[in-house]
Amino acid sequence: MRELIEAIIRTTERGAYDVAVLENAPPEAKLLRLDVSKANSLLKWCPALNFEETVAFTSSGYMVELDEKADIYSDRLAQLEQYIRIAIDRNLSWTKS
């Protein structure tokens, strides 16, 4: 989580965080990871973006939501189209029919 939070702060140039140590945290709390291996093995899917690109892409979407005048629906559609173009440009197998 720390890597993700730090990447969001770098990308948005906003925010700060403090790590709270929870004495009664479940043991798996230290083991949680973002992992696409199951999607890859079952669906032959792999992400079009690397970690930093994903954080930038996602953060920019959330930043749009802070603008009260923004057309969030149109922005999301544009992001989806951009993601698909990137995937096609990177020749990912799931983009082929």
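The values are calculated or read from the model by the stated rules, or taken from the named source; none is laboratory data. Everything quoted here is computed from the prediction, not taken from an experiment. So basically every Cβ, Gly included, is an ideal-geometry build from the backbone, and we count neighbours across all protein chains shown.
Quick check on region 85-92. Is at least one of its residues exposed (fewer than 11 other Cβ atoms within 10 Å of the Cβ), touching a residue at least 12 places away in the same chain (Cβ under 8 Å) and among the aliphatic types (A, V, I, L, M)? No. Residues of region 1-43 that are assigned to a helix (DSSP H, G or I), farther than 26 Å from T95 by Cβ and among the hydroxyl-bearing types (S, T, Y): T12 alone. Please tell me if A70 is among the hydrophobic types (A, V, I, L, M, F, W, C) and within 19 Å of the chain's Cα centre (by Cα). No. Filtering region 47-55 for residues that are under 13 Å from the mean Cα position of the chain (by Cα), acidic (D, E) and surrounded by 11 or more Cβ atoms within 10 Å (Cβ to Cβ) leaves a non-empty set. Just one of the listed residues (A20, A78, A25, A39) is in contact with a Phe, Trp or Tyr (Cβ under 8 Å, 6 or more places away or on another chain) and among the small types (G, A, S), namely A39. Within the set L42, L31, L77, the sole residue that is modelled with pLDDT of 90 or more and out of contact with any Gly (no Cβ under 8 Å at 6 or more places or on another chain) turns out to be L77.
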